[in-house]
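What follows is calculated from the coordinates using simple rules that are stated; it is not laboratory data. Here the structure is a predicted model, which is why all the values come from computation and not from measurement. Don't worry about glycine lacking a Cβ; one is built from the backbone with ideal geometry, like all the others, and counts go over all protein chains shown.
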Amino acid sequence: EGQLLLSAQEETESSARSYPRRLPVAIAHASGPYITDVDGRRYLDFLTGAGVLALGHNPPELVAAVREQLDVLTHGLDLPTPVRAEFARRQLGMLPEPMRRDRKIHFCGPTGADGVEAAIKLCKKATGRGGVITFQGSYHGSTHATMSFTSECAPKDGVTNLLPGVHFSPYGYCHRCPLSLDKADCGTRCAALLENTLRDTHGGVPKPAAILLELVQGEGGAIPAPVEFVQRIAALAAEQDIPLVVDEVQTGCGRTGTWFAFEQYGIEPDVVIASKGVSGMGLPVSIILYHRKLDGWAPGSHIGTFRGNNLAFASGVAFLDVVARDDVLGNVREVGGRLLAGLRALAADSPLIADARGVGMMLGLEMRGVPSAGVSATEIAARVQREALRAGLILEIGGREDCVVRMLPPLNLTADLADYALAVLKAVLRSVTE
Ligand code: PMP
């Protein structure tokens, strides 16, 4: 039945299908950390709807909150409702204390990309400038503007008239240092390149409307930005009066062990974009939290029909209740740390792993090829994903040349399941070498 569904999809749907190419699973239902396919096979889900299902599938408290809300109101445009007000208050309340006081929330369309669009439009309007600094390896979405801010070239092929004025600065990707430097120095030097680009009046780029930064590149291959790199960029942004926009679509909502990843960098970004994990269970919603000083918007400046998803607000509030009650962030730090330690141990043992990295529940293994056997890192990563799937573990692939095996487990993953996944990976690595 699974094969039938997959081939039916191939025949009738657009060729732009992405996930089923590498994860041929037809999902029947799911619960907690597990997905069950239509043939009755169960998988441990380390993809969680691309990092959306923060508490795994169908978390009971969130389902109950949504059920209750279904009888009250599902969609309310941007009209005030009690659950919307509570959601806004609680979201702003998740910001660190000093930031809370001077921030506003804007409800965007239902996707992360729409949040990015809103953030950059806000900064353009506030500064009167047009350009955007973003980073090599970045991912910000698939609309015209967000694709313009995204570094990967292949999807842009044949899509003409993307936004002008986008400058891609090197990112502190230490494992493949853009300057071929020693690891310890890499982040600092990358920041220095941008400093030069913005300070040098001979050449460089015109002062932009915003610096758009992921603190851990997700699609780029689970790459945490070095602390000094981020701090210098934040200082540069402040010095040059350029709004710093952090795209926390993937890193936000607890994924890295603090509610927002920027809290681990000692910075106060001007705009924070959140989306994937906001509702805690995959109900679409996207928000930006931004400094009041940027608010030059008139009514209608950034609108969209689906900004009033009251079901998402209800589950988002229930999600925050669970986060507080169960110390979900503590679990992310503890079990995520355990996973990272386990991945590093696997790397120490396996010549196929070039780098094990990540933070919290946002982890990756950058694979290495076997040149003597004519096998590329891309092929090794694909084999790891395929064999893991066969063994009942769903993993994602990303990064340069698709050679990073990515993991986005549920934030409430137990230590036992982390150990189980590591054991599966260990066996998979062995089978891939054979
Ligand atoms: N920004 C980042 C950092 C993301 O990871 C993503 C999605 N992977 C997006 C933006 C775009 O979100 P969406 O797919 O919901 O438009």
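Near the amide H of A354, under 5 Å away, which other amide H atoms are found, from residues 5 or more places off or on another chain, if H is placed in the peptide plane?
Answer set, sorted by chain and number: E366, M367, R368.
Given Cα pairs under 8 Å that are at least 6 residues apart, what percent is the relative contact order of region 72-325?
28
Please compute the modelled spin-label separation between A64 and K293, points set 7 Å along Cα→Cβ, answer in nm with one decimal.
Calculated label separation equals 4.5 nm.
Using θ = phi - 60° and the Karplus relation 6.51 cos²θ - 1.76 cosθ + 1.60, list the HN-Hα couplings for region 247-261 in order, rounded to whole Hz, with x at every Gly or Pro.
Rounded to whole hertz, the list is 8, 9, 4, 9, 7, x, 6, x, 3, 9, x, 10, 4, 10, 5.
Treating only the Cβ of Lys, Arg, Asp and Glu as charged (+1, +1, -1, -1), what charge dipole size does the chain show about its Cα centre? Round to the nearest 20 debye.
560
Kindly put T378, T433 in sequence by how many other C-beta atoms sit within 10 Å of each C-beta, fewest to most.
So the residues, fewest neighbours to most, are T433, T378.
If amide hydrogens are placed 1.01 Å from N in the peptide plane, which non-local residues have theirs closer than 5 Å to the one on G221?
G399
Would you please classify the overall shape of region 125-232 from the alpha carbon gyration tensor, given that a ≥ b ≥ c denote the square roots of the eigenvalues, rounded means a/c under 1.5, and beyond that prolate means a/b larger than b/c while oblate covers the rest?
oblate
Going highest first, how would you order 149-162, 409-422 by mean Cβ packing within 10 Å?
Averaged packing, sorted descending, gives the order 409-422, 149-162.
Would you kindly compute the Cα radius of gyration of region 214-330 and its largest Cα-Cα separation (Dmax), both in Å?
That works out to 15.4, 42 Å for Rg and Dmax.
Could you tell me which of the pairs K124/K207; K207/K276; K125/K276; K156/K207; K276/K426 are separated by over 20 angstrom between their Cα atoms in the structure shown? Please report the intermediate quantities before stating the final value.
Details: K124/K207 11 Å; K207/K276 31 Å; K125/K276 26 Å; K156/K207 25 Å; K276/K426 30 Å.
Over 20 Å apart, Cα to Cα: K207/K276; K125/K276; K156/K207; K276/K426.
With the alpha-carbon atoms as the only input, what is the per residue convex hull volume for region 283-329 in Å³?
Taking the convex hull of the Cα positions in region 283-329, it is 103 Å³ per residue.
Where in region 160-179 does the amide nitrogen come within less than 13 Å of the point 7 Å from the Cα of A192, taken along Cα to Cβ?
179
Students often get this wrong: which residues of region 41-55 have the backbone nitrogen under 20 Å from the point 7 angstrom along Cα-to-C-beta of A8?
41
Quickly rank 55-67, 244-256 as a protection proxy: mean count of other C-beta atoms within 10 Å, highest first.
Ranked from most to least packed, the peptides come out as 244-256, 55-67.
Could you give the size of the charge dipole of region 229-298 about its Cα centre, using +1 on the Cβ of each K and R and -1 on the Cβ of each D and E, expressed in debye and rounded to the nearest 20?
200
Could you calculate the contour length gain from K121 to A427, that is, 0.36 nm times the residue separation minus the distance between their Cα atoms, to one decimal place in nm?
105.3 nm
To make sure I understand, if each residue's beta carbon is the centre and we count other beta carbons within 10 Å, what order do F168, F229, F260 fall in, fewest to most? Write out the running numbers ahead of the final one.
Values: F168 15, F229 27, F260 24.
Going from sparsest to densest Cβ surroundings: F168, F260, F229.
Starting from the 7 Å offset along Cα-to-Cβ, what nm value, one decimal, do you get for the label separation of T36 and V375?
Spacing of the two 7 Å Cα→Cβ label points: 3.5 nm.
Explain nothing, just compute: Karplus ³J(HN,Hα) = 6.51 cos²θ - 1.76 cosθ + 1.60, θ = phi - 60°, for every residue of region 69-82 in order, whole Hz, x for Gly and Pro.
Values per residue, Gly and Pro as x: 5, 4, 7, 9, 5, 9, 9, x, 6, 9, 6, x, 9, x Hz.
In percent, what relative contact order does the chain have, based on Cα pairs under 8 Å that are 6 or more apart in sequence? Can you show the working numbers first?
Numbers: 865 pairs, mean separation 90.3, N = 434.
Once normalised by length, the contact order is 21 percent.
What shape does region 72-325 take by its C-alpha gyration tensor, where a ≥ b ≥ c are the square roots of the eigenvalues and a/c under 1.5 counts as rounded, a/b above b/c as prolate, and the rest as oblate? Mind dumping the intermediate values first?
Details: a/c = 1.73, a/b = 1.52, b/c = 1.14.
Because a/c hits 1.5 or more and a/b exceeds b/c, region 72-325 counts as prolate.
Please express the Cα-Cα pair-distance distribution P(r) of the chain as a list of whole percents, one per 20 Å bin, running from 0 to the bin with the greatest distance.
Answer for the chain: a P(r) of 26, 59, 16, 0 percent.
Suppose the chain between Y420 and A28 were pulled fully straight at 0.36 nm per residue; how much longer would it get relative to their current alpha carbon spacing?
Numbers: separation 392, 0.36 × 392 = 141.12 nm, distance 2.33 nm.
So the extension gain works out to 138.8 nm.
Using the basic label-point model (7 angstrom from Cα toward the beta carbon), what is the N161 to V72 distance in nanometres?
4.5
Which of D321, D71, D39 ends up with the largest GNM mean-square fluctuation for the chain, with Cα atoms connected below 10 Å?
D71
When the Karplus curve 6.51 cos²θ - 1.76 cosθ + 1.60 is applied with θ = phi - 60°, which whole-Hz ³J(HN,Hα) does each residue of region 118-125 get, with x for Gly and Pro?
Residue by residue, region 118-125 yields 4, 4, 6, 4, 4, 5, 4, 5 Hz.
Along its three principal axes, how long is region 17-126 when you only count alpha carbons? Whole Å, largest extent first please.
Sorted largest first, the three principal extents are 52, 35, 29 Å.
Going by how many other beta carbons lie within 10 Å of each one, how would you line up K276, K121, fewest first?
Details: K276 28, K121 16.
Lowest to highest Cβ neighbour count: K121, K276.
Rg and Dmax of region 329-434, Cα atoms, in Å?
Final numbers for Rg and Dmax: 13.0, 44 Å.
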